[in-house]
1. Filter the stretch 66-91 down to residues that are of a type in the set (S, T, N, Q) and in contact with a strand residue (DSSP E or B) (Cβ under 8 Å, 6 or more places away or on another chain) and give me whichever is surrounded by the most Cβ atoms within 10 Å (Cβ to Cβ).
2. Does Arg71 qualify as being assigned to a helix (DSSP H, G or I) and either at pLDDT below 95 or not hydrophobic (A, V, I, L, M, F, W, C) (or both)?
3. Residues Ser44, Ser86: which one is touching a residue at least 12 places away in the same chain (Cβ under 8 Å) and of a type outside the set (Phe, Trp, Tyr)?
4. Would the stretch 21-41 turn up any residue that is closer than 20 Å to His84 by Cα, free of Cβ contacts under 8 Å to residues at least 24 places away in the same chain and touching a Phe, Trp or Tyr at 6+ places or on another chain (Cβ under 6 Å)?
5. Does any residue of the stretch 50-65 turn out to be within 13 Å of Arg8 (Cα to Cα), surrounded by fewer than 12 Cβ atoms within 10 Å (Cβ to Cβ) and touching a Phe, Trp or Tyr at 6+ places or on another chain (Cβ under 9 Å)?
6. In this structure, does Gly12 turn out to be assigned to a loop (DSSP other than H, G, I, E, B) and either under 24 Å from His84 (Cα atoms) or touching a residue at least 12 places away in the same chain (Cβ under 8 Å) (or both)?
Amino acid sequence: MPQYMVERHLPGITPDQLSAAASRAKNVTAEMTRQGKPVRYLRSTFIPAEERSFCLFDASSEQDVKEANERAEIPLVRITEVRHISADDVN
């Protein structure tokens, strides 16, 4: 399944608000999956100095990721399909 990175600009967000947003993403994607639209929220990385967050999702399409974020009411800047290379994948 493809993976997508969601970039967010979250000025003034508190740690509690960030956790709540992650919880909403997890719950919404679980509900979408139960409804037959497989989407999975994997993790987020927050850069406090830039007020930016990068959130990783598994999904069949960019549109499914967009829908999940809209349903979770989490703002986004862009969605990009990504590929990861682990240290274990290289010599």
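1. Step one: of the stretch 66-91, the residues of a type in the set (S, T, N, Q) are 69, 80, 86, 91.
Those left that are additionally in contact with a strand residue (DSSP E or B) (Cβ under 8 Å, 6 or more places away or on another chain): 69, 80.
Details: Asn69: 24, Thr80: 12.
Among those that are of a type in the set (S, T, N, Q) and in contact with a strand residue (DSSP E or B) (Cβ under 8 Å, 6 or more places away or on another chain), it is Asn69.
2. Values: assigned to a helix (DSSP H, G or I): yes; either at pLDDT below 95 or not hydrophobic (A, V, I, L, M, F, W, C) (or both): yes.
Considered against the rule, which asks whether it is assigned to a helix (DSSP H, G or I) and either at pLDDT below 95 or not hydrophobic (A, V, I, L, M, F, W, C) (or both), Arg71 comes out as yes.
3. Working: Ser86 fails: touching a residue at least 12 places away in the same chain (Cβ under 8 Å).
Within the list Ser44, Ser86, the selection yields Ser44.
4. So far as the stretch 21-41 goes, no, none of its residues is closer than 20 Å to His84 by Cα, free of Cβ contacts under 8 Å to residues at least 24 places away in the same chain and touching a Phe, Trp or Tyr at 6+ places or on another chain (Cβ under 6 Å).
5. No; the residues of the stretch 50-65 include none that is within 13 Å of Arg8 (Cα to Cα), surrounded by fewer than 12 Cβ atoms within 10 Å (Cβ to Cβ) and touching a Phe, Trp or Tyr at 6+ places or on another chain (Cβ under 9 Å).
6. Working: assigned to a loop (DSSP other than H, G, I, E, B): yes; either under 24 Å from His84 (Cα atoms) or touching a residue at least 12 places away in the same chain (Cβ under 8 Å) (or both): yes.
Considered against the rule, which asks whether it is assigned to a loop (DSSP other than H, G, I, E, B) and either under 24 Å from His84 (Cα atoms) or touching a residue at least 12 places away in the same chain (Cβ under 8 Å) (or both), Gly12 comes out as yes.
The values are calculated or read from the model by the stated rules, or taken from the named source; none is laboratory data. Just so we're clear, the structure is a prediction, and the values are computed from it rather than from any experiment. Reconstructed Cβ throughout: ideal geometry from the backbone, glycine too, with neighbour counts over all protein chains shown.
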